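K.L.:
Once you've had a glance at the structure underneath, I'll fire off some questions.
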Amino acid sequence: MVRKSLPNRGGYCRQPGILLLSVKIRPTNSIMKTLFTRKIGMTSLISEDGLATAVTLLAAEPGVVTQIKNHETDGYNALQLGFGKTKRLTKPLQGHFKSSGASPKVAREVRVTELDSELKVGDSVSADVFEVGDTVDVTGVTKGKGFAGTIKRHNFHRGRKTHGGRSYRRPGSIGPKKYSKVKKCPDRWAMPGGPLSIQKLC
């Protein structure tokens, strides 16, 4: 449970139970401080003075270490974590996850600066590594809102619909023909669909 809501600039998260979020504690050089979660919904907490704080609810299931990469064989240090369970694994994936004894539905890799000597393939990583008051970085996939005009995207005024007016939702003259990045033109509204990181959530 993150004690601060993720931004809702045009809809940050997908439907509950679908979005996969990566939660990392700062600094992010320890694998024991990294966890992949799923968003299950939103709620609010009311403090003693009556202040309501938006809260994002995350399902933090334990993850399994499925692979350990080191600098000697792979050129960098990283750990691969698997989450969830599935029965539909291809034969290559079955052979890949055989050493860990797990059948994860999702597998993600996390780079680290140093490998923990006590961590081995098949070990479990849970949310117990986090404590109340930790500052974390959250990475997820934005929902996206598609293409929109200037009225919805930049709050432009529409044209008059009476007395012969024909230009209702056209942007009109907003600058030279060669647009720059600062021009308020029609484009994808709010944030486009894709990965986004929010830092320093507490």
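K.L.:
If you check Asp123, Asp134, Asp116, which single one turns out to be surrounded by 13 or more Cβ atoms within 10 Å (Cβ to Cβ), at pLDDT 85 or above and either at positive phi or among the acidic types (Asp, Glu) (or both)?
P.N.:
Values: Asp134 fails: at pLDDT 85 or above; Asp116 fails: at pLDDT 85 or above.
Matching residue, one of Asp123, Asp134, Asp116: Asp123.
K.L.:
Still on this structure: Would you be able to tell me the number of residues in region 47-62 that are in contact with a strand residue (DSSP E or B) (Cβ under 8 Å, 6 or more places away or on another chain) and free of Cβ contacts under 8 Å to residues at least 12 places away in the same chain? Break it down into steps so the answer makes sense when it comes.
P.N.:
We begin by selecting, within region 47-62, every residue in contact with a strand residue (DSSP E or B) (Cβ under 8 Å, 6 or more places away or on another chain); these are 47, 52-62.
Those still in the list that are free of Cβ contacts under 8 Å to residues at least 12 places away in the same chain too: 47, 52.
Count: 2.
K.L.:
Here's a follow-up. Tell me which residues, restricted to region 90-125, are within 12 Å of Val64 (Cβ to Cβ) and hydroxyl-bearing (Ser, Thr, Tyr).
P.N.:
Step one: list which residues in region 90-125 are within 12 Å of Val64 (Cβ to Cβ), which gives 97, 99-108, 119-125.
Within region 90-125, Ser99, Ser100, Ser103, Ser124 meet the criteria.
K.L.:
For region 148-185, what are the residues that are surrounded by 11 or more Cβ atoms within 10 Å (Cβ to Cβ) and among the hydrophobic types (A, V, I, L, M, F, W, C)?
P.N.:
Passing the criteria: Ala148, Ile151, Phe156, Ile174, Cys185.
K.L.:
Touching a Lys or Arg at 6+ places or on another chain (Cβ under 9 Å), in contact (Cβ under 8 Å) with a residue 60 or more places away in the chain and not in a loop (DSSP other than H, G, I, E, B), is that true of Val65?
P.N.:
So Val65 passes the test.
K.L.:
Being among the polar types (S, T, N, Q) and more than 29 Å from Gly84 (Cα to Cα) is the filter here, so list the residues in region 34-52 that pass it.
P.N.:
At the first step, the residues of region 34-52 found to be among the polar types (S, T, N, Q) are 34, 37, 43-44, 47.
The one that is among the polar types (S, T, N, Q) and more than 29 Å from Gly84 (Cα to Cα): Ser47.
K.L.:
Consider only pairs whose beta carbons are under 9 Å apart and that are at least six residues apart or on different chains; among these, list those whose first residue lies in region 165-189 and is more than 13 Å from Lys152 (Cα to Cα) and whose second residue is among the aromatic types (Phe, Trp, Tyr) and surrounded by 11 or more Cβ atoms within 10 Å (Cβ to Cβ).
P.N.:
That search, which allows pairs on different chains as well, returns Gly172/Phe156; Ile174/Phe156.
The values are calculated or read from the model by the stated rules, or taken from the named source; none is laboratory data. Everything quoted here is computed from the prediction, not taken from an experiment. Note: ideal-geometry Cβ built from the backbone for every residue, glycine included; neighbour counts use all protein chains shown.
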